[in-house]
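Derivation of every value follows stated rules applied to the coordinates shown; laboratory data play no part. Keep in mind the model is a prediction, meaning the values are calculated, not measured. No Cβ is skipped: glycine too gets one built from the backbone with ideal geometry, and neighbour counts run over all protein chains shown.
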Amino acid sequence: MTRNEPTHRMRRLGEVLRELRQRAGLSQQEAADRLNYDHRKISRIEKGQRPDYHGMRAMLDTYGVPFSQWEPYMEMYARALEKGWWTKYDLEDQGYISLEHDAAKVSDFQIAYVPGLLQTSEYLRAGFAKARVQRSRKWIDNQVEVRMLRQQRLTAAEPLRLHAIVLESALTHASEAQLRHIDKRARLDNVTVQVLTHAAGPNDGQMGPFTVLDFPAKADRSVLYIEHAGGSLHVEDPSKVKVAKLTFTHLSKLALTPAESVEWIGRLAAER
């Protein structure tokens, strides 16, 4: 994640400001003229660039929001300014952690790796050791520490809900310790793990891994996250996210049931 990449909260703030502008019947150029901005600045803010404090207040005024109704928007602005705990680790996380941090549910489909929220530190370190690009020990230590901190949400007072569907081949090379760890996590009430075996035959999962994140606030749209060799995609188009959710549901029906999956993983671990 680059330092200037907008977080989920910043992007959401930009969406809300765009909605307010449109509700006021103003084009980006008209809003820019009234605010004495370049219209490109309006565009950047609506895509997640942080406005300054006085600019935020000026936009609310220009978009016709009564002063008595500013509080929720200014609270949203303040939350968007908060630095996430992960920023001190200087990560290249493609903007994913800020999404996961705010999410209430993660639906994760993986074909080659154990889902990140279910990985042991040993599994993660082994993956980095085999990577084409060699990293420093400090970089790897940071990645491992952050991954372990992220996983704490699964056992928090208000836990993150995780539904993971994993292709069989992603598990067959995992160690006994890693498999036992998945088995343990799968027994949590907020965690569902399913194994998609080769017996399921050709399916839509062959198009690649993906993650769908849902958020507690109804106003926050679900996000489809796809990571690839050149970076990542954050898709918020409702029609495209709906397709991803339907695909995930379809894969869930093809996969072993959660109970069958735990039994399958247990048998595999016993063979190690």
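Couple of notes before you dig in:
- Simple spin-label estimate for L81 and H250 gives 4.6 nm between the two label positions (7 Å along the Cα-to-Cβ direction from each Cα).
- For segment 18-134, the relative contact order is 15 percent, taking Cα pairs closer than 8 Å that sit 6 or more residues apart in sequence and dividing their mean separation by the residue count.
- Cα shape, segment 134-272, gyration tensor, a/c 1.5 rule: rounded
- Summary of the geometry: segment 120-172 and segment 188-250, compared by the centres of their Cα atoms, lie 18 Å apart.
- Percent RCO, i.e. relative contact order, over the chain, from Cα pairs under 8 Å lying at least 6 residues apart: 19 percent
- Distance between modelled label sites at A219 and R267, nm, 7 Å Cα→Cβ extension: 5.0 nm
- Relative intensity of segment 1-102 on a log10 scale, I(q)/I(0) at q = 0.23 Å⁻¹, equals -1.19, per a Debye sum over C-alpha point scatterers of equal strength in the absence of solvent.
- Cβ-defined net charge surrounding Y77, 12 Å radius [Lys, Arg +1; Asp, Glu -1]: +1
- Relative to the current alpha-carbon distance between R44 and Q69, full extension at 0.36 nm per residue lengthens the span by 6.6 nm.
- Listed by chain and number, the lysines placed with their C-alpha closer than 20 angstrom to that of K242 are K105, K218, K253; residues fewer than eight positions away on the same chain are left out.
- In whole angstrom, segment 71-224 maps to an equivalent ellipsoid with semi-axes of 27, 21, 15, each derived as √(5λ) from the alpha carbon gyration tensor and ordered largest first.
- A convex hull fitted around the alpha carbon atoms of segment 213-272 yields 147 Å³ per residue.
- Calculated [θ] (222 nm, deg cm²/dmol) that DSSP helices of n ≥ 4 give over the chain, each run adding -39,500 (n - 2.57): -14500 deg cm²/dmol
- Think of each Lys and Arg Cβ as +1 and each Asp and Glu Cβ as -1; about the Cα centre, that makes the dipole of the chain roughly 340 debye.
- Once C-alpha pairs closer than 8 Å and six or more residues apart are averaged by separation and normalised to the residue number of segment 85-170, the relative contact order reads 50 percent.
- Available extension along the chain between V133 and A156 is 4.9 nm, counting 0.36 nm per residue and deducting the alpha carbon span.
- Label-to-label distance, A126 versus K240, with points set 7 angstrom from Cα along the beta-carbon direction: 3.5 nm.
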